[in-house]
Amino acid sequence: MSIYGIFYCMKLSNRHKKTLSTLFNCKTKQVDWNDAVSLCQAMDIEVEQRDGSCVMLRAESAKLCLHSPHPQKEMKPYAIRQLRSFISTVETARSKPAQKRAFG
């Protein structure tokens, strides 16, 4: 699912849309950590603080462990790529119609 598909399928605030747009921009080098966490929560992705700076994201059958940046508040480029991939995977899984199972 493309970023524009997410815009239309979900009711996101303008701030969340801006964060999503920034996250999926290929030239993005900085995304605010708190904005990214807020976006995930708005997209019904479970956010759980684990030991230390580890934050576990869960949705559907996908999981991602990210380390919250400190002392700065901007995410590292590798974390941006991981979150971008995670959101794409989750939204692709959500957009697939439920498969009917044959009982017999």
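Between residue 48 and residue 27, the FRET efficiency from the beta-carbon distance, with R0 = 25 Å, is close to 0.20.
Listed by Cβ neighbour count within 10 Å, with the fewest neighbours leading, 35, 51, 44 appear as 51, 44, 35. Taking other residues whose beta carbon is less than 15 angstrom from the beta carbon of residue 78, and scoring Lys, Arg as +1 and Asp, Glu as -1, yields +3. Sequence-ordered 3J(HN,Hα) estimates for the stretch 13-25 from the Karplus curve with 6.51, -1.76 and 1.60 and θ = phi - 60° stand at 6, 4, 5, 5, 5, 5, 5, 4, 5, 5, 4, 8, 6 Hz, glycine and proline given as x. Listed by chain and number, the lysines placed with their C-alpha closer than 22 angstrom to that of residue 63 are 76, 96; residues fewer than eight positions away on the same chain are left out. The lysines whose alpha-carbon is closer than 21 Å to the alpha-carbon of residue 73, local same-chain residues fewer than 8 away aside, are 17, 18, 27, 29. Cβ-to-Cβ counts within 10 Å put 90, 37 in ascending order as 37, 90, the fewest first. Footprinting exposure proxy ranking of 84, 50, 94, fewest other C-beta atoms within 10 angstrom first, gives 50, 94, 84.
No value in this document is a laboratory result; all are computed from the given coordinates. Since the structure is predicted, the reported quantities are computational estimates derived from the model, not experimental observations. Ideal geometry is used to build each Cβ from the backbone, glycine not excepted, and the neighbour counts take in all protein chains shown.
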